[in-house]
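Quick notes on the structure that follows.
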Amino acid sequence: MTDHISQANLNALADGELSSDQLSLVNDHLAACPACTSAALVQTLLKTNIAKAGQRYAMPAGLEERLKRLARSDTAGRARPSRRSAITGWATAAAILLVIFSGLILLLQGRRRSELAALEYQAQVSEVSDLHIATLAAGLGPQVVSSDRHTVKPWFQGKLPFSFNLPDNLPGDTKLDGANLTYLHNQPVAQLLYTIGRHRVSVFLTEKRSGEPTGEKQSEHSGFKVTSVGVGELDIVAVSDVDPFRLAELVSLIKNVQTGA
Amino acid sequence: MTLLSWKREAQKPGPQASAFEDLALPLLPALHNVAFWLTRNATDAEDLVQESFLKALRGFAGFEPGTNFKAWIFRILRNTYLTSRTGLEATRTVALEEELDEQHPEGAIDRQTPEINLIRLADRAMLHGALEKLPPPLLEVILLCDVEEMKYKEIAVVLEIPIGTVMSRIARARTALRKSLQTQNTQARERGA
């Protein structure tokens, strides 16, 4: 790719919409073109800032309850029997059908829940990747600069509604650089900044969003590897361009130290 | 036939409404946020969300399981908005694709000029101002893409336009936002000088 990256491709890069082939070409070009790198960073920062600024209007208190009531009265209104005798006559048949259909509905509900969970996971992957890219792009140091876990952890006291532990014995080429207080889905989270070799890593510690246990998941977004796992009341999400095995190793260390394993 | 009425009413069982609530209720804050951006009015936004919610509930039987519920309900919200009073007013002023292009031609921003600091330092009020200046077709596409984090394919479903049009509108929206931030920044500096 000798020409500059088109505006459409810069947008697709920021939005995680490039195919792996396109991404490879774009990355090659970015490595040699400061102007396009700068333009790509602008798009990414703009996207991150607009995502935050766009979440502007909080839902008024009571709207959800009102809609629930409306939905129930709407459904009941449409389902109200006009002839009790007809219901009695068909009750047995309906009961049998309900048994069959309730099984099907439960299956469908399960499928929809997993679809929702998948969408939420994708959104989380996208948001943490954007935050990681924005951190790299800003070129600023961490808000708390220290490789000492006894300095980094206390820095979050009073800033986060949860607590966490940090591992002491990191592999030889892995180093804690510091941390930032940042926001995911409008919730304060800890962004721990590590270096593995020459690769930068962001590890986000967030309060678990659902009560369900979260197994380890691995994904890829905008060329970055994303590994996430849940432990206790915490979700751990790590983003980097390092070897996924090394990333998973770091996540595993952080996970184990939460439970004392 | 005395049993027809019962047969017709039994097509809407309770579990279906419950499944609908499970899917729709978590999306209410996002629907309300987008509704407020589109209508620019608290009462109209609530009315729009309520009407869309009930339309979606009544049409839930037509929702195809396994397809994207979020895109489906946002499309209902958007279509409800387009047929509302505020939506009709907005559609009268909706620019054609070519006109949108003329307002903010691609390349209007000098890509050699570092803007990173400008965007990083842009405060929320500046970003809100820039979003408010976007024409509705560009505002809705950028809200779905950046705030709702929808994929281009999902946005195409919501807005009922081709993916190519989604991409070009996103490009125009971001060019317009950058231009607007630059203008606001220049004006702020002039005021400060």
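The values are calculated or read from the model by the stated rules, or taken from the named source; none is laboratory data. Fair warning: this is a prediction, and the values are worked out from it, not measured in the lab. Positions of Cβ are backbone-derived with ideal geometry, glycine not excepted, and every protein chain shown enters the neighbour counts.
Summary table
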| item | result |
| --- | --- |
| Filter result for the condition that a residue is of a type in the set (Gly, Ala, Ser), at the interface with chain B (Cβ under 7 Å from one of its Cβ atoms) and surrounded by fewer than 21 Cβ atoms within 10 Å (Cβ to Cβ), over A:SER24, A:SER38 | A:SER38 |
| Residues satisfying the stated conditions in the stretch A:232-261, i.e. surrounded by 20 or more Cβ atoms within 10 Å (Cβ to Cβ), without any contact (Cβ under 8 Å) to a residue 60 or more places away in the chain, out of contact with any Asp or Glu (no Cβ under 8 Å at 6 or more places or on another chain) and outside any helix (DSSP H, G or I) | A:ILE236, A:ALA238, A:VAL242 |
| Residue list for the stretch A:45-60, restricted to those being free of Cβ contacts under 8 Å to residues at least 40 places away in the same chain and part of a loop (DSSP other than H, G, I, E, B) | A:ARG56, A:TYR57, A:ALA58, A:MET59, A:PRO60 |
| Search result, residues across the stretch B:129-139 that are within 11 Å of chain A (Cβ to nearest Cβ), assigned to a helix (DSSP H, G or I) and either farther than 19 Å from A:GLU127 by Cβ or modelled with pLDDT under 90 (or both) | B:GLY129, B:ALA130, B:GLU132, B:LEU139 |
| From the options A:SER102, A:SER82, A:SER73, residue that is at pLDDT below 75 and polar (S, T, N, Q) | A:SER82 |
| Selection count, the stretch A:126-174, where residues are surrounded by 15 or more Cβ atoms within 10 Å (Cβ to Cβ), among the basic types (Lys, Arg) and in contact (Cβ under 8 Å) with a residue 24 or more places away in the chain | 1 |
| Number of the condition not met by A:ASP168 [criteria: (1) at pLDDT 80 or above; (2) assigned to a strand (DSSP E or B)] | (2) |
| Selection within the stretch B:156-173 - touching a residue at least 40 places away in the same chain (Cβ under 8 Å) and more than 7 Å from chain A (Cβ to nearest Cβ) | B:VAL157, B:VAL158, B:LEU159, B:GLU160, B:THR165, B:SER168, B:ARG169, B:ARG172 |
| Filter pass, A:THR195 being closer than 16 Å to A:VAL242 by Cα and surrounded by fewer than 18 Cβ atoms within 10 Å (Cβ to Cβ) | yes |
